[in-house]
Amino acid sequence: MKKTIAVLLILMLIGGLVLTGCGKTDDAQKQQEEVPAEPGDEEKEPLKVALVLSGGLGDRSFYDSSHEGFERAKKELGIEGSVLECKNDPSLYQDQLIQASENAQAVVVVGFEFFDVIQEVAPEYPEVNYIYLDNVVEGFDNITCITYLENEGTFLAGALAAMLTQETSIEGINEEKIIGMVGGVDLPVIRNFQVGYEAGAKYIDEEVRVETIYAGDFEDPAKGKECALALYAKGADIVFHAAGKTGEGVFEAAKEAKAYAIGVDTDQRYINPDVIVASMIKGVGLSVFETIEKIIDGTFEPGKVIYYGINEGGVDIGYGTPDMKQIVPDEIKEKVEEIKAKVKSGEIQVPTAK
């Protein structure tokens with residue numbers, strides 16, 4: 001009997017030890033599962049970005065350039081987002097900007113037309129970063145403005161046009177060199193294009209006459225054609241445009257008049273390489289991409305004004321792709337590069353209108 005009791009006690013002791021061990025194992029496993037993940041263990045959520053356009057895509061110029069930067073950020077930086085177009089309808093500006101603000105962490109706002117609206121909406125969404133292109137609003141911590149030194153780029157375009165133009169003689173006009181420009185809406189930013197263009201032409205030849213007509217619209221190719229034909233009739237043999245989609249009419253007029261044109265914002269030679277000799281490129285897409293990149297890598301400084309000129313790669317001259325027949329001679333291209341270097345170094349100070 002005593003022997004039996006002893007055996008039972010030993011078995012009970014062994015069982016207790018086993019249960020205790022199992023309990024400790026379960027507790028250890030539970031504690032291991034409850035240990036919080038270290039920072040960086042979980043994959044970060046992609047940045048949500050909205051692109052809001054006062055106009056619409058398809059202008060092959062300013063809006064399309066901003067969209068290229070947005071799409072590049074999607075591909076290379078992994079952002080998510082959507083595009084909201086206002087199609088130049090003022091009744092949509094506020095609604096589209098609010099919709100973007102409700103669904104995004106950063107909103108790229110494209111168009112001078114948002115000047116008042118962005119100042120009303122941004123304070124309501126203090127956690128959203130607004131990137132406002134081509135205009136300056138100051139005093140808001142969450143509005144970062146990007147402005148371009150387009151006058152530096154058009155200085156190069158004006159110099160190029162002055163070197164290419166030929167003396168003309170038509171009824172009522174003595175022989176002289178005449179170049180033209182079609183502006184979209186008469187705004188400070190378009191005036192900045194104009195003063196640079198005029199200064200660049202005069203830098204080459206004080207006798208060059210620069211004629212400018214404002215179409216009063218950024219979305220009317222027919223009006224652009226009408227304005228350009230009027231300039232060609234005055235004796236201009238090269239017309240530069242800073243008119244968005246309206247500028248497509250300038251290219252049509254150049255073809256009809258058997259004259260030349262200079263594009264804007266993107267390298268537009270592909271539209272008609274027979275009449276478009278070059279384009280003044282404005283790095284809208286580059287600025288969009290680089291600003292989004294700064295938000296992601298933590299170097300973004302909200303509430304600032306960022307400038308894109310020749311030194312920042314923000315403006316330049318493009319001559320199309322290598323397979324295109326070049327209208328501009330190499331010696332003139334070299335001269336343009338020399339002028340660009342002087343602007344970059346500060347030797348040439350380009351006047352501004354804004």
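For residue 196, state whether it is within 17 Å of residue 317 (Cα to Cα) and modelled with pLDDT of 95 or more.
yes
What residue, among those in segment 95-132 that are within 16 Å of residue 294 (Cα to Cα) and among the aliphatic types (A, V, I, L, M), is surrounded by the fewest Cβ atoms within 10 Å (Cβ to Cβ)?
Filtering first and then ranking leaves 128.
Under 6 Å between Cβ atoms, at least 6 apart or on separate chains: pull out the pairs that start in segment 73-90 with a residue that is more than 13 Å from residue 107 (Cα to Cα) and end on any residue that is modelled with pLDDT under 95 and among the acidic types (Asp, Glu).
88/219
Among the residues of segment 71-83, what is the count of those that are under 27 Å from residue 270 (Cα atoms), touching a helix residue (DSSP H, G or I) at 6+ places or on another chain (Cβ under 6 Å) and not small (Gly, Ala, Ser)?
Selection size over segment 71-83: 1.
Per-residue answers, yes or no, for (1) in the same structural domain as residue 267 (by TED's automatic domain parsing); (2) over 22 Å from residue 332 (Cβ atoms); (3) surrounded by fewer than 24 Cβ atoms within 10 Å (Cβ to Cβ):
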site	(1), (2), (3)
160	yes, no, no
180	yes, no, no
188	yes, yes, yes
191	yes, yes, yes
204	yes, no, yes
210	yes, no, yes
218	yes, yes, no
223	yes, yes, yes
229	yes, yes, yes
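Provide a single number: the residues in segment 72-85 that are under 17 Å from residue 62 (Cα atoms), of a type outside the set (A, V, I, L, M) and touching a strand residue (DSSP E or B) at 6+ places or on another chain (Cβ under 6 Å).
1
Filter the strands (runs of 3 or more DSSP E) completely within segment 260-344 down to those with at least 3 residues that are in contact with a strand residue (DSSP E or B) (Cβ under 7 Å, 6 or more places away or on another chain) and under 16 Å from residue 163 (Cβ atoms).
Working: elements: 260-265, 276-282, 305-308, 315-318.
Hits in segment 260-344: 260-265, 276-282.
Does any residue of segment 44-61 turn out to be surrounded by fewer than 18 Cβ atoms within 10 Å (Cβ to Cβ), touching a Leu at 6+ places or on another chain (Cβ under 9 Å) and over 22 Å from residue 271 (Cβ atoms)?
yes
Go through the residues of segment 262-285 one by one and say whether even a single one is surrounded by fewer than 20 Cβ atoms within 10 Å (Cβ to Cβ) and β-branched (Val, Ile, Thr).
yes
Please specify each residue of segment 178-193 satisfying the condition of being under 12 Å from residue 247 (Cβ atoms) and out of contact with any strand residue (DSSP E or B) (no Cβ under 6 Å at 6 or more places or on another chain). It would help to see each step written out before you state the result.
Initially, segment 178-193 is screened for residues under 12 Å from residue 247 (Cβ atoms), giving 181-184, 190, 193.
Across segment 178-193, the qualifying residue is only 184.
Assuming residue 68 fulfils every condition listed in (1) over 19 Å from residue 244 (Cβ atoms); (2) surrounded by fewer than 20 Cβ atoms within 10 Å (Cβ to Cβ) apart from one, which condition is it?
The failed condition is (1).
Against the conditions (1) under 30 Å from residue 300 (Cα atoms); (2) over 21 Å from the mean Cα position of the chain (by Cα); (3) among the β-branched types (Val, Ile, Thr), where does residue 178 fall short? Just the number, please.
Every listed condition holds for residue 178 apart from (1).
The values are calculated or read from the model by the stated rules, or taken from the named source; none is laboratory data. Just so we're clear, the structure is a prediction, and the values are computed from it rather than from any experiment. Using ideal geometry, Cβ is built from the backbone for each residue, glycine included, and neighbour counts are taken over all protein chains shown.
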